[in-house]
1. Here are some residues: A:26, A:56. Which one is modelled with pLDDT of 95 or more and over 18 Å from the mean Cα position of the chain (by Cα)?
2. Scan the stretch A:1-59 residue by residue and report those that are touching a His at 6+ places or on another chain (Cβ under 6 Å) and among the β-branched types (Val, Ile, Thr).
3. Looking at the stretch B:78-116, which of its residues are surrounded by fewer than 17 Cβ atoms within 10 Å (Cβ to Cβ) and basic (Lys, Arg)?
4. Give the number of residues within the stretch B:36-50 that are farther than 16 Å from residue A:87 by Cβ and in a helix (DSSP H, G or I).
5. Please determine, by comparing only the residues of the stretch A:70-88 that are of a type in the set (Asp, Glu) and not in a helix (DSSP H, G or I), which one is nearest to residue B:42 (Cα to Cα).
6. Run residue A:178 past the list (1) away from every other protein chain (no Cβ under 14 Å); (2) modelled with pLDDT of 95 or more and report the number of the one that doesn't hold.
7. Please state which one of A:131, A:91 is in a strand (DSSP E or B) and assigned by TED's automatic domain parsing to the domain that holds residue A:191.
8. Give the stretch B:73-106 a look and list any residue that's under 16 Å from residue B:27 (Cβ atoms), within 9 Å of chain A (Cβ to nearest Cβ) and either not in a helix (DSSP H, G or I) or not hydroxyl-bearing (Ser, Thr, Tyr) (or both), or say none.
Amino acid sequence: MSHDHTEPPSDLELRVKALESLLVEKGLVNPDALNIIIDTYEHKVGPRNGAHVVAKAWTDQDFKQVLMQDATEAVAGLGYCGRQGEHLQVVENTADTHNLVVCTLCSCYPWTVLGLPPAWYKSAPYRSRAVSDPRAVLREFGTELDPGKKIRVWDSTSEMRYLVLPQRPEGTEGWSEGQLQQLVSRNSMIGVELARAADASARGES
Amino acid sequence: METFPFQPLDDEGPVFNEPWEAQAFGLVLALHEKGLFSWQEWAAVLGEEIAAAQAEGDPDLGNTYYHHWLSALEKITRLKNLSNETELRSRKEQWHAAYVNTPHGKPIQLSAGRSD
């Protein structure tokens, strides 16, 4: 292999480098601000934020009431603030109704509480089938609902994002917020799964 | 049990598969935060790019999402007169030349790709 040159990267990478260097040169993008944004989404926001919100709603009725009325405000109170001026609505799973979130147009997603969406959420099959056959999609995630339970599908937009409040698992009376958080998976907050079942190993001692 | 074929193995999989995806993602947020376009405008352009890619035969399984994101970013910079096709093409060629002209292991400077 020759060492007198460097192998150029992929075309995609060159396109990004071209854009970035031009936008920085024109003063439209500040490189430090760009690094902070990337670091935030790679390391600081993620489904743990949402799990915190859900566990708090399970244990604190006053918080839950505010959350159901104005989720944007309630999660901002926990320090999770949106950057795109979007509104957040929490949809609660009940004994009668299960909620499922999708974005049929692109991939709008409640970033502040769930981080960035998984690949399948952005895929065309999920975006179309969540609407046309939600029960089959849930089954593929291993989620079997009572045949009598209604499924309500929420289509996100750039202005409105949804977070599912799963049902609190049985047998978790007296659990702390921190213990309950361990039961709240990302998928349960999108609505493709339920919260994890309580079992002795999940409770932990910490 | 066989699960949804595009399901990641766990909740904490990588957010970006390659560094360029993170850069492209961050550029859109940075431009938006500078007030150069609204998030509604961005979502509309991204939605169009995704629909166009699907129409051209992309199965759109989520793995090409940032390809669409990048095309939409190029498009919105054109629509908002922040850049244009000619300038982008020539800058891309410069970067390509900069790599070719730089010995392996040395930092890549854009100036190494300038032909003058």
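The values are calculated or read from the model by the stated rules, or taken from the named source; none is laboratory data. Computed from a predicted structure; not experimentally measured. Note: ideal-geometry Cβ built from the backbone for every residue, glycine included; neighbour counts use all protein chains shown.
1. The match here is A:26.
2. A:6
3. B:78, B:80, B:89, B:106, B:114
4. Residues meeting the conditions: 9.
5. Looking at residues that are of a type in the set (Asp, Glu) and not in a helix (DSSP H, G or I), I get A:86.
6. With respect to (1) away from every other protein chain (no Cβ under 14 Å); (2) modelled with pLDDT of 95 or more, residue A:178 is out only on (2).
7. When all the criteria are applied, what remains is A:91.
8. Across the stretch B:73-106, the qualifying residues are B:73, B:74, B:82, B:83, B:87, B:88, B:91, B:92, B:95.
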